Amino acid sequence: MKFTALLLCVTLVAAAGFYTDDPNVFELSYKNFNEVVYNTNYTTIVEFYAPWCGYCKKMEPVWRRLGKFLSRDSQYGVQVASVNCDEAKNKPLCSSFKVKSFPTLMTFRPPKYKRGVKKTGRHVPEPYTGQRELAPLVQFVTGRIKNYVKRFHRISAPAFPDWLNEDLHKIVVLTKLNSISPLLKTLAIDLLDTSSVAVVQMDSPKLGLTVKVNDVDVDVPVEEGDQLPVLLVYNKESKSFTRYPKLKLKNLHKIEKWIATQLGVTPLEGSLSTRAKRLSKFRGSSAAHDEL
Ligand SMILES: *[C@@H]1O[C@H](CO)[C@@H](O)[C@H](O)[C@H]1NC(C)=O
């Protein structure tokens with residue numbers, strides 16, 4: 001296979017990186033690989049490729065679509081990256097991951113972060129051997145976003161007010177689902193140093209719902225017939241919830257902007273972070289990161 005591809009593509013040996021023009025894909029080298037892939041609580045999926053390889057060429061449009069899909073509305077804590085293993089200087093990097101055929105697809109999952117505990121774990125590389133199509137790739141990689149979202153099965157759970165009282169800002173999402181969406185996992189990662197996020201399961205909101213926090217009945221600003229999910233921030237001083245005014249929880253960029261105005265926090269990762277700005281030079285163009 002490789003031999004045929006080599007024959008077909010021999011004229012393209014000196015081609016530049018596939019994704020150097022793509023705003024949604026990090027075209028990495030041995031120089032910036034660690035900074036982008038390891039210095040983050042995001043999961044990264046990397047395509048190790050060679051420009052001459054036929055399967056890599058088939059992969060290219062899929063990879064671009066994957067990058068675009070995962071960047072939309074900033075809702076996925078996943079970085080899409082590539083390494084051109086044909087570049088002499090990148091070869092040691094590629095062989096350190098035992099890349100033997102192209103393309104090799106690999107996810108890098110960050111270690112679990114614990115406050116106050118010195119980082120001990122390492123990112124775990126995991127090869128992707130499934131179908132090279134958008135849907136299975138999205139499913140695989142979004143399933144590898146670290147989860148820092150806490151879950152309460154009902155709002156009357158005794159542990160819920162205790163959690164509200166703990167340090168860090170509190171963001172609460174009332175939801176019907178018993179699974180945690182990639183968007184909420186990503187929100188929790190972006191605000192890991194300042195805020196914690198929890199989901200509280202409920203079937204349908206009711207007027208007059210309260211939570212007892214230190215003997216004070218705190219109103220939950222929902223009404224009968226409200227659509228779920230509903231996102232709230234908790235203010236400890238005034239013992240009150242404030243509700244995110246938009247109906248849908250789809251655009252994480254907008255949600256984080258609103259949270260920033262409510263809590264005065266700045267995300268460390270994601271579209272509003274200085275990290276994103278700093279790393280945009282490793283992507284095709286920063287145009288896509290302008291106002292969403
Ligand atoms: C994960 O997030 C925490 C809190 O912001 C940060 O201290 C830590 O360095 C991050 N981990 C990595 C691997 O970047």
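Across the accessible surface of the chain, with the other protein chains kept in place and a 1.4 Å probe, carbon and sulfur atoms take up 53 percent.
Within the listed set LYS254, LYS98, LYS150, the Gaussian network model of the chain (springs between alpha-carbon atoms below 10 Å) gives the highest mean-square fluctuation for LYS98.
Other residues whose C-beta falls under 13 angstrom from the C-beta of ARG278 contribute a net charge of +2, scoring Lys and Arg +1 and Asp and Glu -1.
Phi angles across region 86-92 convert, under the Karplus curve 6.51 cos²θ - 1.76 cosθ + 1.60 with θ = phi - 60°, into 3J(HN,Hα) values of 7, 5, 3, 6, 8, 4, x Hz, Gly and Pro given as x. Taking 7 Å steps out from each Cα toward its Cβ at ARG65 and ARG115 produces label points 4.2 nm apart. What the chain shows is 52 Å² of accessible area per residue, with the surface traced by a 1.4 Å probe over protein heavy atoms.
Candidate cross-link partners of LYS114 among the lysines, defined by an alpha-carbon separation under 16 Å and a same-chain spacing of 8 or more, comprise LYS146, LYS150, LYS185. Between TYR38 and LYS257, full extension at 0.36 nm per residue minus the direct alpha carbon distance yields a gain of 76.2 nm. Computed with a 1.4 Å probe over protein heavy atoms only, the accessible area of LYS176 comes to about 130 Å². Taking every DSSP bridge with both residues inside region 171-292, close to 70 percent are antiparallel. For LYS206, the lysines whose Cα falls under 18 Å of its own Cα, not counting residues fewer than eight places away in the same chain, are LYS176.
Taking the DSSP beta bridges with both ends in the chain, the antiparallel portion is around 55 percent.
The values are calculated or read from the model by the stated rules, or taken from the named source; none is laboratory data. Just so it is clear, the model here is predicted, and its values are computed rather than measured. With ideal geometry, Cβ positions are generated from the backbone for all residues, glycine too; neighbour counts draw on all protein chains shown. Surface accessibility is based on the protein's heavy atoms, side chains included, excluding ligands, DNA and RNA. Shrake-Rupley method; radii C 1.70, N 1.55, O 1.52, S 1.80 Å.
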